[in-house]
Structure formats: structure tokens, C-alpha cells
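The values are calculated or read from the model by the stated rules, or taken from the named source; none is laboratory data. As the structure is a computational prediction, the values presented were derived from the model and not from experiment. Note that we place each Cβ from the backbone using ideal geometry, even for glycine, and neighbour counts take in every protein chain shown. Each accessible area value is taken on the protein alone, full model and side chains, heavy atoms only, with ligands, DNA and RNA left out. Shrake-Rupley method; radii C 1.70, N 1.55, O 1.52, S 1.80 Å.
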Amino acid sequence: MRLARLGIHMTLLDSSSAMLDIAKREARESGVDGRIALNHGDAAHLANLFPAGSFDVVLCHNILEYVDDPNAVLSAAAQVLRSDSTGIGILSVLVRSRAGEVLKAGIEAGDLVAAERNLTAVWGYESLFGGRVRLFTLDSLQVMMKGASLAAAAERGVRVISDYLPPRVSRREEYERIFELERKLGGRPEFAAVARYIQIIARHSNRSSSEGTG
């Protein structure tokens, strides 16, 4: 999990010492190690590690899929997120989409049985690291956001078609074109609905409510 104070420092939290060692090396080689603090800890205990309202931006990308209690992690992230009248205080959540697993099984693997099974699947398979990964729908993620007193400011789909491009399309040579197309598709609800990942940008709902009544 990445947490940041605007224009100053970033804090990287990870429960894996090995991953923190990699991050430390990469930060040093990039010359930004003086601006990044590395913390070893459990994301579910985030509120016990940092004071409330400590961070302007919190990135919770590809975390909720793997933790035991995603609701607890999301609520903890909300607690350390800044909430005031300045408009600062943004939480970005990125999770694996159930709809994307349906298309991946059907289009990439050609497994129609798996595609149909994934229509209601709660868990998918993580091909990169092995093991299972929790799947989300936009509705289920929105419910979690509400439970953590967060309100969505924007919703996007990520990796709508890039995983299904034929081999003749070079990911390296056509990167800019693929990126631009993904940017356009991800912002359109009809395509975002079937993306591999769901992204929600959220703020504290109490702040949003107070702005709306002003």
C-alpha cells in the first residue's frame, strides 16, 4: 500500500520484508530513497500504525484481493486519509473484476466451462504468483466503500482489451496507442463493466455531503 503527503514524502507499507528490500533497492537506484519511507506491517492494522488523517493520497492497488478481511483494510485506509475542506484526501482502490475473469477464460483460454463458472465466482486464480485471488463486482466494491464512509468521485475500468490483443500487436512498439485506447475505453461505462480491473477514486463521504449542502 502506498500513502503520500502531497509534494513531500511517500510511505510504502508491505507485510513482506522481501518486497520492502526490493523497494528499498529500487528507490536507492532511482535516487528517491530520501523521499520514501518503508514500513513493515499489516494493512488491516493501518489505523494503529499512523494517526488519523495522516495522508493526502492512499493507493490501495491489488491488495483487497489477497487480504483476509478486505472491509477491515478499506476502513483502515479511510481512517488515515485526510478529511477537511481543502478538497485533499483521495483514496484509489484497484481490484480484480469478476467480469474480466469471464472474458479471460472465454477469450484467452478458450475455456467456456470456466467462463460460465466465473459468472458467479467469488475467487479466481492468480497465474503470476499462484493461488487464488478474490474477485469483485462494481456493486460489491461500492457497498464496501459505503461501509467505510467513502464516496466514489470517479470509477474506471483498467485493462479492457490489452490482455486479449493478438500476438501480432506488439505491446512494446504499440504501447502508446494501446495506452491511449485503454484510457478512452476505461472511462466509458459500457467498456469499463468488462475490464479486468475496477478502479474507484474515493473521498470521505461526510466531506462530500457537507460540500453538497453548501
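Farthest towards the positive end of the charge dipole of the range 36-178, among the residues ILE36, SER162, LEU141, is the Cα of SER162, using unit charges on the Cβ of Lys, Arg, Asp and Glu.
Computed from point charges on the beta carbon alone (+1 for Lys and Arg, -1 for Asp and Glu), the dipole magnitude for the range 1-64 about its Cα centre is near 140 Debye. Dipole of the chain computed with +1 at Lys/Arg Cβ and -1 at Asp/Glu Cβ about the Cα centre; of ALA121, LEU12, ILE90, farthest Cα towards the positive end is ILE90.
One quarter of the convex hull surface built on the alpha carbon atoms of the range 1-84 amounts to 5.5 nm², the projected area averaged over directions.
Subtracting the Cα-Cα distance from 0.36 nm times the residue separation, let me have the gained length for VAL122 to LYS184 in nm, one decimal.
Numbers: separation 62, 0.36 × 62 = 22.32 nm, distance 2.84 nm.
In short, 19.5 nm is gained.
Dividing the summed helix terms, -39500 (n - 2.57) for each DSSP H run of n ≥ 4, by the number of residues in the chain produces a 222 nm estimate of -9500 deg cm²/dmol to the nearest 500.
How would you rank 128-138, 89-99, highest first, on the average number of other Cβ atoms within 10 Å across their residues?
Values: 128-138: 14.1, 89-99: 21.9.
Descending mean neighbour count gives 89-99, 128-138.
With a cut-off of 13 Å between beta carbons, the residues surrounding GLU182 carry a summed charge of +4, where Lys and Arg count +1 and Asp and Glu -1.
Shape verdict for the range 116-214, please, from the Cα gyration tensor: rounded (a/c under 1.5), prolate (a/b greater than b/c) or oblate. Please report the intermediate quantities before stating the final value.
Details: a/c = 2.76, a/b = 1.48, b/c = 1.86.
Here the range 116-214 falls in the oblate category.
Over the chain, with the other protein chains present, what is the accessible area per residue in square angstrom, probe 1.4 angstrom? Walk me through the numbers on the way to the answer.
Working: 12330 Å² over 214 residues.
That works out to 58 Å² per residue.
Taken about its Cα centre, the chain carries a charge dipole of about 280 debye when Lys and Arg each add +1 at the Cβ and Asp and Glu each add -1 at the Cβ. When each of the peptides 10-23, 163-176 is scored by how many other beta carbons lie within 10 Å of its residues on average, the order from highest to lowest is 10-23, 163-176.
What you get for the range 83-128, charging only the Cβ of Lys and Arg (+1) and of Asp and Glu (-1), is a dipole of about 60 debye around the Cα centre. For the range 45-173, the Cα-based Rg and Dmax, in that order, read 17.1, 51 Å.
Measure off, as a whole percent, the carbon and sulfur share of the 1.4 Å-probe accessible area of the chain, all protein chains present. Answer for the chain: carbon and sulfur cover 54 percent of the accessible area.
Add +1 for every Lys or Arg and -1 for every Asp or Glu among the other residues with Cβ under 15 Å from the Cβ of GLU29, and state the total. Let's see the in-between values first.
Numbers: positive: LYS24, ARG25, ARG28, ARG35; negative: ASP21, GLU26, ASP33.
Counting the neighbours of GLU29, the net charge comes to +1.
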